[in-house]
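Each remark here refers to the structure printed beneath this line.
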Amino acid sequence: MKGIVLALGLGLVVCTVQTASAQTSATGDAVAPSTTGSPLDQRMAALEKELDDMKMAQAEATGASKQPNNLTAMWDKGLKFETADKSFTLKVGGRLQWDMGMMQQDKANIKKFGNIADGMELRRLRVEMSGDIYNRSAYYAAQVDFAGAAVAVKDAFLGIRNVPVLGNVQVGNFNEEFGLERVTSDKYDLFMEYSLPVQAFTPDRNPGLEFYNSVFQDRLRYAATMVRDTGSTGIVSSDTGYAFAGRLTGLPYYADDGKKLLHLGVGYRHLTPNGDTMTISAVPEWHQSSKKFVSTGAITHVESADEGNFEAALLYGPFCVQSEYYMVNLDRDKGSVAKTGGPADFEGWYVEGSWFVFGGNRTYDKKMGYFARPNITNNFDIKGGTWGALELAGRYSSIGLNDSGAKVAGGKESDTTLGINYYLNPNMRVMLNWVHAMTDKPDNGNADIYMARFQVDF
């Protein structure tokens, strides 16, 4: 009945308009239509809108607006697109991290390394995209960094899902499966830079093949990678070689939808370099530092490197404690022992903790075995009287690169770091870090580093 009344109303309006347009002035000229919006014009617009609304409602009722191939855009802490059945998804994201820092050195440190300049830098400026296609049977990701002197490709891989036993299989450029802090995104790390052993012993992205899977309701996860080592790590080979890495993680305790959990893991990596020279080193947890306080220098006659690590993390509401231990063995040519020393062994570890004073908590990705975007419950809003979230953090890390039997004296360093993370919302945070770097050699001295980061990511 409503449609009949609407149709009659529109007909009456049309007839009236036609009659008005046919009127002429006394001179025979047509009268110009009104541009001021008469009540009749307003009523006509309202009736047309009501008709459009009826058509839209009918289309939604029949499913015409939810065709399988139509992408719907949404914001969920990032820009996402997906079809109604989620067979196709696309996430477009990026990150901007602006850093500044200064180092205060004692006299011995200045004498050894010279004055290390203060600085500011665009630490990361990345654009990224990822998604699923064809019933989520395949996936892809690409990430490019525009910070620094040259454009750098970070993630660039594609994969398939639901492979028996292996789970997900991917090929391309990606992070190797080795270490908790390394595989957790820098967007969600507690501190601005990696701890000493993670810098020195864990690889960055490399090209190759990977598989990973999670079982028992995602409480147990296993993964392995086989890559070509391109030297984008603290361990630098004189020529690119091949590396294999494996990681096994589990959640013996998981409660309250992941707000309380215990993560345990173990990892192994084997590297066979094409060359025979390797160097292991680390900066004092400040990316802009032009000097490395510990370094083995060139270790020659290396045939292979074997690395192992143990990782653990406890999340309990707003509190989190995380730790890792690393050990590295360099196997060297037996014929060179008398001249250059035997196999070399090094180690390093860190322990860190955090507390959300208010407004949030850390979160964990069960399928991937690492920490994800923090849950921020109160966005910064002066008018609304909400102030975001505040997180306090502390870390102690240590690395030893001395082995007298192998005739290597790379030094030992221990860093103490305190941090404040202030989250305006899930996509923006301000980070403040203080690092006290101490070396075992009196001639190397000590230093204090003060840093700040302004970050937005989505």
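Can you put Ser323, Ser290 in order, fewest other beta carbons within 10 Å first?
Ascending number of Cβ neighbours within 10 Å: Ser290, Ser323.
Report the calculated FRET efficiency for Tyr268 and Val215 (r = Cβ-Cβ distance, R0 = 22 Å), to the nearest 0.05.
Once rounded, the FRET efficiency stands at 0.65.
Starting with the fewest neighbours, write out Asp99, Asp257, Asp189 ranked by other beta-carbon atoms found within 10 Å of each beta-carbon.
Ranking Asp99, Asp257, Asp189 by Cβ neighbours within 10 Å, fewest first, gives Asp257, Asp189, Asp99.
Gain in length, Asp440 to Tyr134, computed as 0.36 nm per residue apart minus the alpha-carbon separation, to one decimal in nm?
Contour length minus Cα-Cα distance gives 104.5 nm.
In a solvent-free Debye calculation with one equal scatterer on each Cα, what is log10 I(q)/I(0) for the chain at q = 0.08, 0.12 Å⁻¹, listed in the order of the q values?
-0.58, -1.11
Between Tyr422 and Asn69, what FRET efficiency follows from the Cβ-Cβ distance if R0 is 56 Å, with the result rounded to 0.05?
For Tyr422 and Asn69, the calculated efficiency is 0.85.
Could you please rank Lys292, Lys260, placing first whichever residue has the fewest other Cβ atoms within 10 Å of its Cβ?
Starting with the residue having the fewest Cβ neighbours, the order is Lys260, Lys292.
Considering only Tyr350, Gly388, Gly360, whose Cα is most displaced toward the positive end of the charge dipole of segment 279-414, charges sitting on Cβ of Lys, Arg (+1) and Asp, Glu (-1)?
So the residue furthest toward the plus end is Gly388.
Give the calculated FRET efficiency between Val153 and Asp41 to the nearest 0.05, with a Förster radius of 56 Å applied to their Cβ-Cβ distance.
My answer for the efficiency is 0.45.
Can you give the angle from 0 to 90° between the axis of helix 2-22 and the longest principal axis of the chain, with both taken from C-alpha atoms, to the nearest 10?
Long axis of 2-22 versus the principal axis of the chain: about 70 degrees.
Multiply the residue gap between Tyr188 and Lys107 by 0.36 nm, knock off their C-alpha separation, and tell me the result in nm, one decimal place.
Contour length minus Cα-Cα distance gives 25.6 nm.
Which of the lysines could be linked to Lys412 by a straight reach, that is with a Cα gap under 30 Å, when you skip same-chain ones fewer than 8 residues away?
The reachable lysines, counting only those whose Cα sits under 30 Å from Lys412, are Lys107, Lys111, Lys112, Lys187, Lys291, Lys292, Lys334, Lys339, Lys441.
Fully extended, how many nm does the chain gain between Asp381 and Lys334 (0.36 nm per residue separation, minus their Cα-Cα distance)?
Full extension from Asp381 to Lys334 adds 10.3 nm.
Beta carbons within 10 angstrom, averaged per residue: use that to sort the peptides 192-199, 373-380, highest first.
192-199, 373-380
Determine the calculated [θ] at 222 nm for the chain from helices alone, applying -39500 (n - 2.57) to every DSSP H run no shorter than 4 residues and normalising by the residue count; nearest 500 deg cm²/dmol.
The per-residue figure over the chain is -4500 deg cm²/dmol.
Taking the Cα atoms of segment 165-204 alone, what are Rg (to one decimal) and Dmax (as a whole number) in Å?
Taking only Cα atoms of segment 165-204, I get Rg and Dmax of 12.1, 37 Å.
We did not get these values from a lab; they are worked out from the coordinates using the rules stated. Just so it is clear, the structure is predicted and the values come from calculations on it, not from any experiment. Every residue, glycine as well, gets a Cβ built from its backbone with ideal geometry; the counts of neighbours run over all protein chains shown.
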